[in-house]
Structure formats: structure tokens, C-alpha cells
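The values are calculated or read from the model by the stated rules, or taken from the named source; none is laboratory data. What you are looking at is a predicted structure, and each value in this text was computed from that prediction instead of being measured. Counting neighbours? That spans all protein chains shown, and the Cβs are built from the backbone with ideal geometry, glycine included. Accessible surface is based on the protein model in full, side chains and every heavy atom, while ligands, DNA and RNA are left aside. Shrake-Rupley method; radii C 1.70, N 1.55, O 1.52, S 1.80 Å.
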Amino acid sequence: MDLRGKRVVVIGLGISGMEAAKLLKDHGAQVTVRDNATTGKVAERADALRKLGMRVELGPEVQPNADYDLAVLSPGINPKAPIVETLHQAGLPMFGELELAYRFCECPIVAITGTNGKTTTTELIEALLLAGGKRALASGNIGTAFSTAVRESADLDVMVLEVSSFQLENIVDFRPRISVHLNLTPDHLDRYATMEEYAYAKRQVFRNQTVDDYAVLNASLTIPGVMAQPVTFSAMGLQADYTLVDGWLCARGEQVLEQSRTHLIGEHNAENMLAALAVADLYQIPRAISALALCEYHPLPHRLEKIGEIDGALYLNDSKATNIDALEKALIAMRTPVVLIAGGKDKGLDFTGLRSLLREKVRAVVLIGQMTEKLQAAWQSAVPCHPAKTLADAVNEARLLAHRGDTVLFSPGCSSYDMFKSFEDRGDQFRALVQALAPQPTS
């Protein structure tokens, strides 16, 4: 892709937008970056890009124009935003950071998408490939921008790429060698008008694949028009190539590893491991090496993370649960009575479908954030609900409600942005609160 002398505007100055701008600049483009924000991290990034010789325009008062050859959208930018519509109306070529970086990627790609489990599965696949001697690097929605990682692609055997629906909205030629679709449940309905619109964005990961490629699919999904060779997985009793049978991860009928030997609990994590095992098999990694790598993998923080015990109750940090499905799967994985701490920012989801599971698993719920009243209305017929004004209040209330042998599960089921900077910030605060109450070991 020849960008020399091209006038390119990057919309959005998040991490991906910043790294896209640098990549464009390095390939000779004349780069302008625009963002409505004016303070905090955006202002810091703007200063850094200006020092590199790029034009940066901040604030909503900047009038949109289309005096460019190309536009690159950051994943967080809504395609229906006025500035994007202005550029569309001008007929300006436009794609996302994912597509831009793909144009410069010099190695095959394994792309992982789905509503939940993307980051864990991306890390698992990277770990299995590295254990098998492949030069692999994880990037994308996992943290390191694809536009950064692509600079190393000439020295890699495979790029393991976590991709969100937002990133897939604006692809053109993006074609992974292996695409992995983990699951699909309601999420981001504050951005997508319908579930079908959300599902369509996810399906774009298969859009440019051919019969020479592979599609690793949850057996519960029906996806029309996939040209790639299908490989299926399921931990829910469905017929598939990779399955969970009597606690064993199985590959085409062969027992590979007992899940109890790993650090990952729950059927949802079994599916993450099955998907990773399928990819490792496609790369011909010996099963014994894959099994050992699965055993050695430790989950990231905020994903059913064990924090400690207080008065005989176990405290788990599952702050990464930002939607109904993630919360549901966390509850299904529980084997003791639960005091649940839930709530956060409203994303337009309907939580009434969890009532029967709450009756089965949960002793009481402590509610926080913007969704408190809505969740109380949805759940109070199934389980006692206790509103709390702050996370600290919620932890103290949960401590009073929990019995010895219970699990206090912080699995919000909602976005964090009403009270916290991110799900990581939310989880870090929960961990600190619990650790401050937990008895300290004596020396």
C-alpha cells in the first residue's frame, strides 16, 4: 500500500488511533488526527504526535471537512457519528485500524472474535504456539495495537489477533488464515440497533476467507456463507470436532487433558481451551506440548480471579464480566452458594432471563451503579437485592450476607464506565477492598 504523500485523517485518538497515525506517518502519509476530547490521555497523545510532525485537531468545535485522500477510523468511533457521515457523503475511502495494519502484515493471522472469552483464548493460542516453537505474537484488542505489532510481522510465523465487532465493521481485504468465533450473546446494543446487526459485524471475520483457510467455530453458531474449512468445538454437549466429555478436553474423540488439571474453571473456559487446542492442531503442535501449555497457563486478572477468604467465604474478582452472558457463565461455574455483587452502566440489555439461575445459585445480590434500580426490578422476585452506593459499601454488605463456605462473586454483568475508568480499574478497586479486610498471614 503506497501512502507516500497521501493526505490521511485518523478519527479517534485512543491507543489504536495513535498507533495507526504513527504507522501512516512512517509510510510517508501526511497525517491529521482528530478527536472530540481535549483533556487527559487524549491531550497527552496529541502532544506526542505533534512532536512527530503530525497535525492534531481536538474538540467538538472543529468543523468537519473531507479534504483528504483516505480516512482511518479508530475502533471506538461510532460509524454513525456526524464526522464519519460527513466523510462518507464526500465519498472518501475509509477503513479501520485493523484493515490498515493488515495491509502491512507480513505473516499469517489467527483472528479471534466472539462476545466473551476473546482475550483468554488469544493468550491461550499464543501460549500453545510458542510452546510448540512457533514465533507468535498476540495483539489487537488484547492491548498491544495491531498497528504496533505489525512492525514485527516479518520475523513472525503467526500473528494472534483479538478482534472486536467494532474493529471488524470497517474491513475491506482483511483475511485471517484461521478465524475463531467463540460465541455470540447480547452485547453492545447501545451501539447496534439489533442483535442481527451485532452478529453481522462479528461475521465479517470470515468475509474474505477462502477454502484454503480455516474457520474454528462454536458448534452452537449458524453462520451462513463461510467459505473456510470448518472446525467445530463445544463444551455444552453438542456434536463437534473438539468437545468436553466427563471433564476431559477431547480432540476428535481422543482425550487430551482433564480440565481439573488447568487453572481455568467453567464450561466457558473449557470452550476457550478447545478453540485454542484446535488452532494448535492446525499448526501441528504435538498434543503433549499443547496439554502442558494449557496446564501452565494462568488466567489474566479480573476473570474469576481468586482474591482471598474472609470469615470462611471465598472472594472472586470477575470484573471483566461486562454483559449478561459473562455473568451467566460465571454463575454456572460456581459450586457453592453465591453472594453476587453486580451492576454498572446500562448497555440496553434485558437481565430478566437470569432469574431462574439466580434462584438456583445465589443467596443474595448486592447492586451498584447506574443499573441498580433496573436490576432490582428484574431480580427482586427471584433473590433478595441490596442496593449499595459505592463499591466499598457493596463489599461490606456482601461480607455481612455471606456464610462460611459461600463465594462472594464480583461479576457485574455491566460496563464499568458509570463509576470507574475501566473494568480493570473496577476490579483493582475490588481487590484492594477485599485485601484490606482479609486477615493477613502472620510471620
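For this structure, a couple of remarks:
- Global form of the stretch 214-291, assessed from the alpha-carbon gyration tensor, a/c cut-off 1.5: oblate
- Straight-line cross-link partners of Lys51 among the aspartates and glutamates, defined as a Cα under 16 Å from its Cα and at least 8 positions apart when in the same chain: Glu19, Asp26.
- Check: the chain dipole with +1 on Lys, Arg Cβ and -1 on Asp, Glu Cβ, in debye: 380
- DSSP beta bridge pairing in the chain, given as percent antiparallel to the nearest 5: 20
- Spin-label model distance (nm) - Arg50 vs Asp425, 7 Å beyond Cα toward Cβ: 2.4
- Heavy atoms of the protein chains alone define the surface here; on that basis the chain has 43 Å² accessible area per residue at 1.4 Å probe size.
- Rounded is the label for the stretch 1-121, because a/c, from the alpha-carbon gyration tensor with a ≥ b ≥ c as root eigenvalues, stays below 1.5.
- Cross-link reach list, lysines versus Lys134, counting only Cα pairs under 30 Å and skipping chain neighbours closer than eight places: Lys22, Lys118, Lys202, Lys320
- Subtracting the Cα-Cα distance of Asn65 and Thr144 from their residue separation scaled by 0.36 nm leaves 25.4 nm.
- Of the GluC sites (Glu not before Pro) found in the stretch 1-99, those that fall in a DSSP loop while having at most 12 other beta-carbon atoms within 10 Å are Glu61.
- Once you reduce the stretch 94-116 and the stretch 303-318 to the center of their Cα atoms, the two points are 36 Å from each other.
- The distance from the alpha carbon centre of the stretch 39-92 to that of the stretch 336-386 is 39 Å, rounded to a whole number.
- Per-residue [θ]222 nm for the chain (sum of -39500 (n - 2.57) over DSSP H runs n ≥ 4, rounded to 500): -9500 deg cm²/dmol
- Note on the stretch 104-160: with neighbouring protein chains present and a 1.4 Å probe, carbon and sulfur make up 41 percent of its accessible heavy-atom surface.
- Within the stretch 224-311, the trypsin sites (Lys or Arg not before Pro) that combine a DSSP coil assignment with at most 16 other C-beta atoms in a 10 angstrom radius are Arg252.
- Taking the chain and dividing mean pair separation by its residue count, relative contact order in percent (alpha carbons under 8 Å, at least six apart): 11
- Across Lys25/Lys80; Lys329/Lys374; Lys389/Lys421; Lys306/Lys421, pairs whose alpha-carbon gap is larger than 24 Å: Lys25/Lys80
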